[in-house]
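The values are calculated or read from the model by the stated rules, or taken from the named source; none is laboratory data. Keep in mind that what you see is a predicted model, and the values were worked out from it rather than measured. Every residue, glycine among them, receives a Cβ derived from its backbone with ideal geometry; neighbour counts consider all protein chains shown. For the accessible areas, the whole protein counts, side chains as well, though only heavy atoms, and no ligand, DNA or RNA atoms are used. Shrake-Rupley method; radii C 1.70, N 1.55, O 1.52, S 1.80 Å.
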Amino acid sequence: MNEKTREFIDGVLTKYCCDKKEIINIIQEVQNEYNYLPEDVLVYIAKNLDVSQSKVYGVATFYENFSLDAKGKNIIKICDGTACHVRKSVPILNAVNKELGLSEKKKTTDDMMFTVETVSCLGACGLAPVMTVNGNVHPKMTPESAVELIRNIRKGSL
Ligand code: FES
């Protein structure tokens, strides 16, 4: 773990007074910061909360919101709930995966710039088909507009 990460985790632990009852909130803050839960960070948290590593891993794997896999800087969620599916969300997913060289099995680009996930409803069915990038909603998407959006993100990050 690098110094910057350690400082961040120490700050979170201090905020919650190293209280083991706050373990979910502590892990949530780590997830929010890194988009996933690095293994060495979980070990460090366990040590500082004086709980077993299996307890920390138990929490980290119980909640769907937490991920042990590293994710890209930009998290793209493509809705495939009923409203979006009937308005052709699958071609959007296929176009995005093709643009990024991803697939159902490979969800994160090698440069760690993008992770693509599907979700069952983003709560914006009236705007279907919907995708989000880092939580920002993009309504009424098409395969073309989705690819254009990704290219613009790429350009902006250069
Ligand atoms: S089904 Fe896609 S937003 Fe609800």
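Observations, loosely collected:
- Conditions (1) touching a strand residue (DSSP E or B) at 6+ places or on another chain (Cβ under 8 Å); (2) closer than 24 Å to Glu33 by Cβ; number of the one not met by Cys121: (2)
- Contact annotation: residue pairs with Cβ atoms under 6 Å, 6 or more positions apart or on different chains, pairing a residue in region 125-140 that is closer than 10 Å to Lys77 by Cβ with a partner that is among the charged types (D, E, K, R) and within 11 Å of the ligand (Cβ to nearest atom), are Thr132/Lys77.
- Among the residues making up region 79-95, those that are more than 9 Å from the ligand (Cβ to nearest atom) and open to solvent by less than 70 Å² (accessible area, probe 1.4 Å) are Val90, Pro91, Ile92, Leu93, Ala95.
- Residues being over 17 Å from Lys71 (Cα atoms) and assigned to a helix (DSSP H, G or I) - total across region 37-59: 14
- Identity of the residue in region 37-58, of a type in the set (D, E, K, R) and under 16 Å from Glu22 (Cα atoms), that ends up least open to solvent (accessible area, probe 1.4 Å): Lys55
- Residues satisfying the stated conditions in region 96-139, i.e. near the ligand (Cβ under 10 Å from one of its atoms) and assigned to a helix (DSSP H, G or I): Cys125, Gly126, Leu127
- Test result for Thr61, within 30 Å of Ile23 (Cβ to Cβ), of a type in the set (S, T, N, Q) and in contact with a Lys or Arg (Cβ under 6 Å, 6 or more places away or on another chain): no
- Counting the residues of region 132-147 that are charged (D, E, K, R) and either farther than 14 Å from Val96 by Cα or buried (at least 17 other Cβ atoms within 10 Å of the Cβ) (or both) gives 1.
- Where Ile150 falls short, out of the listed (1) surrounded by fewer than 17 Cβ atoms within 10 Å (Cβ to Cβ); (2) under 24 Å from Gln31 (Cα atoms); (3) modelled with pLDDT of 95 or more: (1)
- In region 69-84, the residues that are closer than 22 Å to Arg154 by Cα reach residues that are in a loop (DSSP other than H, G, I, E, B) and of a type in the set (Phe, Trp, Tyr) with C-beta atoms within less than 9 angstrom, at least six apart or across chains, in these pairs: Ala70/Tyr36; Lys71/Tyr36.
- Those residues of region 8-36 which are part of a loop (DSSP other than H, G, I, E, B), surrounded by 13 or more Cβ atoms within 10 Å (Cβ to Cβ) and either of a type in the set (S, T, N, Q) or at pLDDT below 95 (or both), in sequence order: Cys18, Asn35, Tyr36
- Every pair of residues 6+ apart whose Cβ atoms lie under 8 Å, when the first sits in region 50-68 and is more than 13 Å from Ile27 (Cα to Cα) while the second is of a type in the set (D, E, K, R) and open to solvent by 90 Å² or more (accessible area, probe 1.4 Å): Asp50/Lys20; Val51/Lys20
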